Amino acid sequence: LFGYVTTKKAGTTFAMITLGMAELVFAMSLMFSEFFGGEAGISADRVVGDSVMGISYGPGVQVYYLIAVYTFVSVALMFAFTRTPLGRILNAVRDNPERVEFIGYNTQMVRYLAFIIAGFFAGISGGLAAIQFEIVTAEVVGPIRSGGYLLFTFLGGATFFFGPIIGGILMVLAFVLFSEITKAWLLYLGLIFLFMVMYAPGGIASLIMMNLRVAAFGRLRELWVSYLALTVTALVVMVGAGAIIEMIYHLQLSTAMGDTVRFLGVTLHALEPSNWVGALLVALTGLGLFEITRRAFMKQWSDIQTDIEKEIKRRETQ
């Protein structure tokens, strides 16, 4: 029902309408507490009834294997879908909807069918989550969860099949592990998103595919030194910026515990100007070195891409 309305538009408009619909459902979940359970949600007990062949889904390992089986089967089905005529025309609609309409396809219907199929797999995911956590609350349809899915899909790479898988892994690491390491994890996540938009808009999957293309022509070895330099300089920037962020968060949220901050095994004093100056110098030095290294890398990358294009044309003429 919602999909028929949202799929009338494409691109950014489609994304905004979808987020609006998600916000509508979130508001309804709080208004109609009899159906959605209100803020407390709906609880259940997965260990109900007699066990079948010793499987009761009481132990966590049994639930793990159940989720694993459904995950692998769903991934296989989604990959098979991308090889079907509908899956291929869906890629065409994503890349050039005007041309698809010109050859006679209804792009809105293609998006609508894809929306229904996506809803099917999302339903499987939601059912498995209900079994795992034994509770469903309004938070699962909230803007934070909906925005998180979009954010990590972008970080993983929305234009490649394995991109959202990478994004899902990163999402679990961020919400489960990274959030336990630092209180400023959302700020770090925002900065990562910003730099990905600036330097790798295709996501991590696009970086992998571009390097695989270079490796296929035997030119990847030439980039190892540049990649090492980029990694080192980026780490220097992150150390300096991370020290500043941690001291700011400590002063804002933990002043009662004194001015001492532990960061990467080093004790910082948030009230001493020398610590701020030192962190700022490290961050600016790393940023300058990173920019110099990045420009040299981009020139080297451009030269390699030019050589690859020449090699492709040479092979085509043979």
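The values are calculated or read from the model by the stated rules, or taken from the named source; none is laboratory data. Computed from a predicted model, the values in this text were never measured in an experiment. Here Cβ is always computed from backbone atoms with ideal geometry, including for glycine, and neighbour counts include all displayed protein chains.
Find the helices (runs of 4 or more DSSP H) located wholly in region 1-103 whose residues include 3 or more that are polar (S, T, N, Q), and list them.
On the way: elements: 2-6, 11-31, 33-36, 60-82, 85-95, 97-102.
Correct list: 11-31, 60-82.
Which residue, of Phe195, Phe263, is surrounded by 16 or more Cβ atoms within 10 Å (Cβ to Cβ) and under 24 Å from Thr285 (Cβ atoms)?
Phe263
Conditions tested, residue by residue: (1) more than 27 Å from the chain's Cα centre (by Cα); (2) not hydroxyl-bearing (Ser, Thr, Tyr).
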residue: Gly38; (1), (2): yes, yes
residue: Ala44; (1), (2): yes, yes
residue: Tyr57; (1), (2): yes, no
residue: Gly60; (1), (2): no, yes
residue: Met78; (1), (2): no, yes
residue: Thr82; (1), (2): no, no
residue: Ala92; (1), (2): no, yes
residue: Gln108; (1), (2): no, yes
residue: Ile116; (1), (2): no, yes
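List pairs: first in region 103-115 and within 14 Å of Pro85 (Cβ to Cβ) and in the same structural domain as Thr82 (by TED's automatic domain parsing), second at pLDDT below 85 and not in a loop (DSSP other than H, G, I, E, B), Cβ under 6 Å, 6+ apart or cross-chain?
As it stands, the answer is Val110/Val93, since those pairs meet every condition given.
Condition first: of a type outside the set (A, V, I, L, M, F, W, C) and more than 16 Å from Phe161 (Cα to Cα). Now tell me which residues in region 86-117 satisfy that.
Scanning region 86-117 gives Asn96, Pro97, Glu98, Arg99, Glu101, Gly104, Tyr105, Asn106, Thr107, Gln108, Arg111, Tyr112.
Look through Val236, Val232, Val225, Val277 and report the one residue that is of a type in the set (Val, Ile, Thr), within 20 Å of Gln305 (Cβ to Cβ) and at pLDDT 90 or above.
None of the others qualify; the one that does is Val225.
Yes or no: Gly218 without any contact (Cβ under 8 Å) to a residue 24 or more places away in the chain, over 21 Å from Ile292 (Cβ atoms) and part of a loop (DSSP other than H, G, I, E, B)? Explain how you work it out, then say what you get.
Working: without any contact (Cβ under 8 Å) to a residue 24 or more places away in the chain: yes; over 21 Å from Ile292 (Cβ atoms): yes; part of a loop (DSSP other than H, G, I, E, B): yes.
For Gly218, the condition - without any contact (Cβ under 8 Å) to a residue 24 or more places away in the chain, over 21 Å from Ile292 (Cβ atoms) and part of a loop (DSSP other than H, G, I, E, B) - is met.
So which of Gly156, Gly163, Gly126 ends up being at negative phi and surrounded by fewer than 18 Cβ atoms within 10 Å (Cβ to Cβ)?
Gly126
Considering only residues that are over 14 Å from Gly240 (Cβ atoms) and either of a type in the set (Ser, Thr, Tyr) or more than 27 Å from the chain's Cα centre (by Cα) (or both), which ones fall in region 275-294?
Matches in region 275-294: Ile292, Thr293.
Which pairs turn up if I take residues in region 165-180 that are in contact (Cβ under 8 Å) with a residue 40 or more places away in the chain and look for partners that are of a type outside the set (Phe, Trp, Tyr) and assigned to a helix (DSSP H, G or I) with beta carbon separation below 8 Å, at least 6 apart in sequence or on another chain?
Pairs that qualify, where the first residue is in contact (Cβ under 8 Å) with a residue 40 or more places away in the chain and the partner is of a type outside the set (Phe, Trp, Tyr) and assigned to a helix (DSSP H, G or I), are Ile165/Val75; Ile165/Gly156.
Say we look at region 126-170 and pick out the residues that are assigned to a helix (DSSP H, G or I), among the aliphatic types (A, V, I, L, M) and closer than 21 Å to Ile42 by Cβ; which of these is farthest from the chain's Cα centre (by Cα)?
Filtering region 126-170 for residues that are assigned to a helix (DSSP H, G or I), among the aliphatic types (A, V, I, L, M) and closer than 21 Å to Ile42 by Cβ, the one farthest from the chain's Cα centre (by Cα) comes out as Ile131.
Let me confirm something: among Ser43, Ser51, Ser29, which residue is surrounded by 11 or more Cβ atoms within 10 Å (Cβ to Cβ), modelled with pLDDT under 75 and not charged (D, E, K, R)?
Selected residue: Ser51, the only one of Ser43, Ser51, Ser29 that is surrounded by 11 or more Cβ atoms within 10 Å (Cβ to Cβ), modelled with pLDDT under 75 and not charged (D, E, K, R).
Go through region 230-251 and give me each residue that's touching an Asp or Glu at 6+ places or on another chain (Cβ under 9 Å) and either among the hydrophobic types (A, V, I, L, M, F, W, C) or not assigned by TED's automatic domain parsing to the domain that holds Ala279 (or both).
The answer is Met247, Leu251.
Would region 221-239 turn up any residue that is among the aromatic types (Phe, Trp, Tyr), under 26 Å from Ala158 (Cα atoms) and not in a helix (DSSP H, G or I)?
No - not one qualifying residue is present in region 221-239.
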